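Q: The following block contains the structure, expressed as structure tokens.
The values are calculated or read from the model by the stated rules, or taken from the named source; none is laboratory data. Quantities reported herein were computed from a predicted structural model and do not represent experimental measurements. Backbone-built Cβ (ideal geometry, glycine too); neighbour counts: all protein chains shown.
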Ligand SMILES: Cc1ncc(COP(=O)(O)O)c(C=O)c1O
């Protein structure tokens, strides 16, 4: 029976709140695990149990509150417990949980595709260059796998059988499944599985903090890197190169590194010149994180394919998407007629409904508009908080996607000894101080270098940004001082 009166609604709201509180208490009572059968990421670590979330905060089973300054891995763009999203999920579940995409389409999937295509900026290009079709999957790695396979199938259907070679960049991350890991230039994550990864040519990342030479301008640096890419294309053989992959703003591996001016324009020109498919990976930096809904918007170039994930479902559902140009879709539609790929949960209606609700909230509450200003405030606060630290080499980023690179010596940019695992120590210390951040080691080459990545919810308040800077500075200073780098 549906309850329609306002009074009944308020009553049921109160009893639902009581029920939720009761369930949380019960869960908390149960949630002290002396023995675990869960295969954790790190078998030697003890993890607190996350029980509830609320805006920018997560709460564990002991009632400790953590300010979530990274959204896990840049996932929770709307913060935790956004009721509009859970309501959309519930409504979709009540209507339809699942219908296999080899039999049916669904309204949530159609709506999501329409919304993404309508909002994707268009910068012109060859006929059919506009992003026009959306293939919906459940994770960033799956979106990359789909991109790799679609690129190859398109080449075959164009009669370019010899195009088998992919070029990507060192110190990039495109996912952990074997195809996505082969494309990734993250040396540390590739190390154990090298024998299983198909060969990919990796060129230099666009990483000004360490790549820019003394006296070199940013645009000369961009030109140098584009020249290196062209030389690699010529070495491999221009008619053998299938695709070039790049993150518009490099996330996990380098720590929020945007390209220098002119770099992506140069890359686009090379791809046009040699008939190479340009695949931009916005799994981490997309969906408003950098101050525009799509990160490529700030590079003013048109990708042929684009991957998005994390902020798309904002943690409420696992969802990712591969967006492709009309020309690419038409190649398949007018050729064999079918993309030789698919998985059980492609276009899952509940995940799509959640993503549509995320886009709705972002639009209704105009969440992307203030991201650039909030990002500037966060960077200013961080720079101020670190002004006495001699261990912070660089504070960089775009919008609410910020990286802090740590050094043992600011002048020479010498990294810390990797054996100290400064990044891991900072993560631990920050958690003790009630802050969640996303530190990573191997920033420079997979072994050396440490950075901390921040990606707070787009809904974060100024007061919370201040608290992030304060707690992170405390964590970094305590750890780096104990490693021998003085705070003035
Ligand atoms: C740029 C980028 N691409 C792909 C992936 C893989 O996404 P997932 O972990 O959802 O498979 C990630 C994950 O961090 C990423 O940052």
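Q: May I ask you to say which residue of 481, 432, 405, 466 is under 30 Å from residue 65 (Cα atoms), under 25 Å from the mean Cα position of the chain (by Cα) and surrounded by fewer than 21 Cβ atoms within 10 Å (Cβ to Cβ)?
A: Exactly one of 481, 432, 405, 466 is under 30 Å from residue 65 (Cα atoms), under 25 Å from the mean Cα position of the chain (by Cα) and surrounded by fewer than 21 Cβ atoms within 10 Å (Cβ to Cβ), namely 466.
Q: Can you go through 211, 179, 215 and tell me which one is at pLDDT 95 or above, assigned by TED's automatic domain parsing to the domain that holds residue 260, more than 16 Å from the ligand (Cβ to nearest atom) and under 24 Å from the mean Cα position of the chain (by Cα)?
A: None of the other options fit; the residue is 211.
Q: Please go through the stretch 441-463 and pick out each residue that is out of contact with any strand residue (DSSP E or B) (no Cβ under 6 Å at 6 or more places or on another chain) and surrounded by fewer than 24 Cβ atoms within 10 Å (Cβ to Cβ).
A: Answer for the stretch 441-463, where residues must be out of contact with any strand residue (DSSP E or B) (no Cβ under 6 Å at 6 or more places or on another chain) and surrounded by fewer than 24 Cβ atoms within 10 Å (Cβ to Cβ): 442, 444, 445, 446, 447, 448, 459, 461, 462, 463.
Q: Given (1) closer than 22 Å to residue 290 by Cα; (2) in the same structural domain as residue 452 (by TED's automatic domain parsing), identify the lone condition not met by residue 323.
A: All conditions are met except number (2).
Q: Take the residues in the stretch 175-198 that are part of a loop (DSSP other than H, G, I, E, B) and in contact with a helix residue (DSSP H, G or I) (Cβ under 8 Å, 6 or more places away or on another chain), then tell me which one is surrounded by the fewest Cβ atoms within 10 Å (Cβ to Cβ).
A: Per the criteria, the residue is 198.
Q: Hey, could you check the stretch 153-174 for residues that are in a loop (DSSP other than H, G, I, E, B) and under 26 Å from the mean Cα position of the chain (by Cα) and say which is surrounded by the fewest Cβ atoms within 10 Å (Cβ to Cβ)?
A: 170
Here is a yes/no grid of residues against (1) farther than 19 Å from residue 359 by Cα; (2) within 16 Å of the ligand (Cβ to nearest atom); (3) touching a strand residue (DSSP E or B) at 6+ places or on another chain (Cβ under 9 Å):
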| site | (1), (2), (3) |
| --- | --- |
| 49 | yes, no, yes |
| 77 | no, yes, no |
| 84 | no, no, no |
| 91 | no, no, no |
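Q: Pick from 144, 136: which is in a helix (DSSP H, G or I), within 16 Å of the ligand (Cβ to nearest atom) and in contact with a helix residue (DSSP H, G or I) (Cβ under 9 Å, 6 or more places away or on another chain)?
A: 144
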